[in-house]
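Shown next, in structure tokens, is the structure this report addresses.
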Amino acid sequence: MAGRREAREQALQALYQLDMAGSEPDWGRLHGSDDVQAFTRELVEGVRTNRERIDALIAGSAEHWRLPRLSRVDLNLLRLATFELLARPEIPVSVTINEAIEIARRFGSEDSAAFVNGVLDAIATVVRPKSGVGREE
């Protein structure tokens, strides 16, 4: 689905807004097809609903980093990708991780892509151990 990156980027922005301002996402500002908007909402609501479990997975995989020390962009990108790994088994692990890396390059710092890659690789081995990280399913 070509619009999934657009949905992931919109979800990242909505999660960042929730995290920083505590305000509800402005769903009226979503753009893209109905499928893109639905996937955006799924990611945001999925992270909100499963945040405790998601944060525990991130904390357990981000060696030497406590969640409050992470950049808000990196943390929210990790949250949405972790939710995707948990809830969308039809999306290959490699696709989820590669998409997160590309978004980290666009929105994160110079080191974000490598950091996100390492943390998500570790999370994937926990939540999808049979899939083989980096392998197409």
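Observations on the model:
- Here the spin labels are modelled as points 7 Å beyond Cα on the Cα-Cβ line, and at Glu24 and Leu86 they lie 2.3 nm apart.
- Lys, Arg +1 and Asp, Glu -1 on Cβ, resulting dipole of the chain about Cα centre, debye, nearest 20: 240
- The calculated P(r) of the range 1-42, using every Cα pair and 10 Å bins from 0, goes 33, 53, 13, 0 in percent.
- The distance linking the range 76-122 with the range 18-37 is 19 Å (Cα centroid to Cα centroid, whole angstrom).
- Label zone at Asp35, where the point sits 7 Å out along the Cα-to-Cβ direction: the range 1-23 residues whose backbone N lies under 14 Å: 1-8
Rule-based calculations on the coordinates, nothing more; no lab input. Model, not experiment: these values are computed from the prediction. Every residue, glycine among them, receives a Cβ derived from its backbone with ideal geometry; neighbour counts consider all protein chains shown.
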